[in-house]
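These notes are about the structure you will find just below.
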Amino acid sequence: MLNKNNYKDIIIIDKDGIILYADIGNPQCFKVGMNSIKGKRIKELFLGMDNSYPLLKAVNEGTAYDDFEVTVTTSRNIKLSKKGCAYPLFYNDEPIAAVEFADFFYDKNHIGEIEVHADHPIYRGNNTKYLLDDIITGDESMVNLKKRIEKYAVSDSTVLIYGETGTGKELVAQALHNKSKRYYRKFISQNCSAIPDNLLESILFGTTKGSFTGAKDNPGLFELAEGGTLFLDEINSLNINLQVKILKAIEEKRIRRIGSTSEIDIDVRIIAATNEKPELLIKEKRFKPDLFYRLAVIYIKLPSLIDRGDDIYVLSNHFINYFNIKMNCSIKELSPEIMKIFMEYSWPGNVRELRNVIEGVFALSEDNTINIRDIPAYILDSVKNKKIVKPLRLIKNEGLSLTDKINAVEKNLIEQAYEESRCSLKKSSEMLGISKQLMNYKLKRYGIKNEN
């Protein structure tokens, strides 16, 4: 008999096939949310399901199924392979209910439906997907960051996270929440760039009936996150007036709904994130210094993927293993040839881009092997072009001394390496085989703007 702990999903039905309890990792497969599943008939979740389904046979016949495997199609027409066990529950020797412990696997046509790390029961109640252990790394700086997150989590101080697109800002925010004393409360996330400022204000602070045409009494996100965490992603996209109002709410721990004359006390931890350098935003007057200093009580800077040592290798194998489990496949690790390409590519989309590429090659791969032809053409072209040494600018001025010409060539090489590494001091110095300190000195010497 298989251990029920091998499985992640639980469904309990009564004699009529009505769902009494469910804990399913990916309920969107069924056109419903987790809270809407209870009370539905199990046959509503799957197309063409009949009484031969093991869970229904368990409740109808009182038969236990220790190990079953079936193919089902969800109400969203998604085909899944499902493995599990089902047991009847008896009263006076008659089956009155049945419980199913199961897990399901996608086929390649529906790989895009997979929810990243939808395996933690905790997030199903507090709106999160990630725990600290979901930060996969072998890089020393990231390992140290995980240790700092554990310490930061015990505090209620505000947090500002800076990182390029795809570096995992929301993952870090959720890890902070789930390690904090607020973990059992809601984690509310809002991307500030996704909604116009005038509408975002009402979403954040709520509205009062009659404050404008069609307005109703609605709580805002500050209220909905009461006792928990409010994550404001891309806070750099907000206009200055809204930044002032958010600063006031953080400082006073009070908010006022739009159109209201009364204030509401709030107990919310604020975590914010920006994908642009805060110092640049402040310099360009797009980020209020007062808000920056108030948010950055704890400041976290996330490194880009190319600055994370061997994490390209570590994460590639992690995502291959993840999709193998979710799809019941056995795709092999990347070949040395493909890994070399991955290590030479710059990954402007960072970890998110790497995951999407692995997802894509899974859909294309044949005979459990990932081949060069499965790698996106833009990656192959980028690496190929990178290997073509750009011609150095000709120095035609015959009046220059040999030293001047050598300096001009060196400046050209420094600029080229710095540009190709996307202004990474570490990467450009490695490309040229010199120390970071010497690279920094050369940048200053030749008047090349250091973005670090």
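The values are calculated or read from the model by the stated rules, or taken from the named source; none is laboratory data. Everything numeric in this text was worked out from a predicted model, so none of it was measured. Don't worry about glycine lacking a Cβ; one is built from the backbone with ideal geometry, like all the others, and counts go over all protein chains shown.
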Check: Somewhere in the range 406-416, is a residue in contact with an Asp or Glu (Cβ under 7 Å, 6 or more places away or on another chain) and at pLDDT 80 or above?
Finding: no
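Kindly indicate whether Ser435 is modelled with pLDDT under 80, exposed (fewer than 13 other Cβ atoms within 10 Å of the Cβ), in contact with a Ser or Thr (Cβ under 9 Å, 6 or more places away or on another chain) and farther than 30 Å from Ile114 by Cβ.
Yes; evaluated as a whole, the condition is true for this residue.
Just for the range 417-431: of the residues that are surrounded by 18 or more Cβ atoms within 10 Å (Cβ to Cβ) and not small (Gly, Ala, Ser), which one is modelled with the highest pLDDT?
Of the residues in the range 417-431, the ones surrounded by 18 or more Cβ atoms within 10 Å (Cβ to Cβ) are 417-418, 421, 424-425, 427-429.
Add one more test, that the residue is not small (Gly, Ala, Ser), and what stays is 418, 425, 427.
On the way: Tyr418: 86, Leu425: 83, Lys427: 81.
Looking at the filtered set, the residue picked out is Tyr418.
Does the range 205-217 contain at least one residue that is in the same structural domain as Glu170 (by TED's automatic domain parsing) and within 24 Å of the chain's Cα centre (by Cα)?
So the first thing to find is which residues in the range 205-217 are in the same structural domain as Glu170 (by TED's automatic domain parsing), and the list is 205-217.
Now narrow it down to the ones that are within 24 Å of the chain's Cα centre (by Cα): none.
No: zero hits.
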Checklist line | Which listed residue is surrounded by fewer than 18 Cβ atoms within 10 Å (Cβ to Cβ), under 30 Å from Lys108 (Cβ atoms) and among the hydrophobic types (A, V, I, L, M, F, W, C), from Leu47, Leu55 | finding: Leu47
Next item on the list: Just name the residue that is nearest to Met327 (Cα to Cα) out of those in the range 25-84 that are part of a loop (DSSP other than H, G, I, E, B) and aliphatic (A, V, I, L, M).
Entry: Ile78
Notebook entry, point to check: From Leu295, Leu291, Leu315, Leu302, which residue is of a type in the set (A, V, I, L, M, F, W, C) and more than 23 Å from the chain's Cα centre (by Cα)?
Noted result: Leu291
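Residue-wise test of (1) surrounded by fewer than 16 Cβ atoms within 10 Å (Cβ to Cβ); (2) in contact (Cβ under 8 Å) with a residue 24 or more places away in the chain; (3) outside the structural domain of Gly227 (by TED's automatic domain parsing); (4) of a type in the set (Val, Ile, Thr).
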position	(1), (2), (3), (4)
Ile246	no, yes, no, yes
Ile250	no, yes, no, yes
Ile266	no, yes, no, yes
Leu280	yes, no, no, no
Lys288	no, yes, no, no
Leu291	no, yes, no, no
Ala296	no, yes, no, no
Ile320	no, yes, yes, yes
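Mind checking which helices (runs of 4 or more DSSP H) fall wholly inside the range 196-281 and carry at least 3 residues that are over 16 Å from Arg294 (Cβ atoms) and in contact with a strand residue (DSSP E or B) (Cβ under 6 Å, 6 or more places away or on another chain)? Let's see the steps before the verdict.
On the way: elements: 197-205, 221-224, 240-252.
Output list is empty.
Residues checked against (1) in contact with an Asp or Glu (Cβ under 6 Å, 6 or more places away or on another chain); (2) modelled with pLDDT under 80:
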residue	(1), (2)
Lys8	yes, yes
Ile13	no, no
Gly17	no, no
Tyr21	no, no
Cys29	no, yes
Val32	no, yes
Ser36	no, yes
Arg41	no, no
Next item on the list: Give the residue that is nearest to Ser330 (Cα to Cα), with candidates limited to residues of the range 348-365 that are touching a residue at least 60 places away in the same chain (Cβ under 8 Å) and not basic (Lys, Arg).
Entry: Phe362
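Looking at Lys332, Lys326, can you tell me which residue is in a loop (DSSP other than H, G, I, E, B), outside the structural domain of Arg422 (by TED's automatic domain parsing) and not aliphatic (A, V, I, L, M)? Before you say what the answer is, go through the steps one by one.
Details: Lys326 fails: in a loop (DSSP other than H, G, I, E, B).
Just one listed residue meets the conditions, Lys332.
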Notebook entry, point to check: Failed condition for Gly447, given (1) surrounded by 15 or more Cβ atoms within 10 Å (Cβ to Cβ); (2) modelled with pLDDT of 85 or more, with all others met?
Noted result: (1)
Note to self: Suppose we keep only residues that are acidic (Asp, Glu) and farther than 15 Å from Ser424 by Cα within the range 335-356. Which one would you say is farthest from the chain's Cα centre (by Cα)?
What the structure shows: Glu337
